[in-house]
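Structure record follows, encoded as structure tokens.
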Amino acid sequence: MVRLEPGNIEANYKLGRMLLSRGQIDESISLIENAKLAQPTSVIFATLLGDAYLRKGETDKAEENYSAGA
């Protein structure tokens, strides 16, 4: 679905969340970063990206994304 519709917010969110839940943190970050480029004001992607960076241990980037989503 994401390949067919890369701008599909719901599909990107679900795939990013699934990758993160499977521990595929770098893949999740890459996907979410790309989705965030298409939707730079998206609170959903900023928060999910914050979650991913927090899981990776990059607290500065996590905080930056959480702040952007607030």
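When the trypsin sites (Lys or Arg not before Pro) in the chain are filtered for DSSP coil states and for at most 15 other beta-carbon atoms within 10 Å of their beta-carbon, the remaining sites are Arg3, Arg22. The helix-based estimate of mean residue ellipticity at 222 nm for the chain, built from -39,500 (n - 2.57) per DSSP H run of four or more residues and divided by its residue count, is -23500 deg cm²/dmol to the nearest 500.
Taken over the C-alpha atoms, the chain has Rg and Dmax values of 11.0, 33 angstrom. For the chain, the dipole from Cβ point charges (+1 on Lys and Arg, -1 on Asp and Glu) about the Cα centre works out to 240 debye, to the nearest 20. If the segment from Lys61 to Leu37 were pulled out straight at 0.36 nm per residue, it would be longer than the present Cα-Cα gap by 7.0 nm.
For Ile32, Ile25, the ranking by accessible surface with the largest value first comes to Ile25, Ile32, using a 1.4 Å probe. Debye calculation, C-alpha points only, no solvent: report log10 I(q)/I(0) for the stretch 30-70 at q = 0.18, 0.30 Å⁻¹, in the same order as the q values. The Cα Debye sum returns log10 ratios of -0.38, -0.99.
The values are calculated or read from the model by the stated rules, or taken from the named source; none is laboratory data. For clarity, every value in this text was computed on a predicted model and none was experimentally measured. Cβ: placed from backbone, ideal geometry, glycine included. Neighbour counts: every protein chain shown. These accessible areas exclude ligands, DNA and RNA; they are computed on the full protein's heavy atoms, side chains included. Shrake-Rupley method; radii C 1.70, N 1.55, O 1.52, S 1.80 Å.
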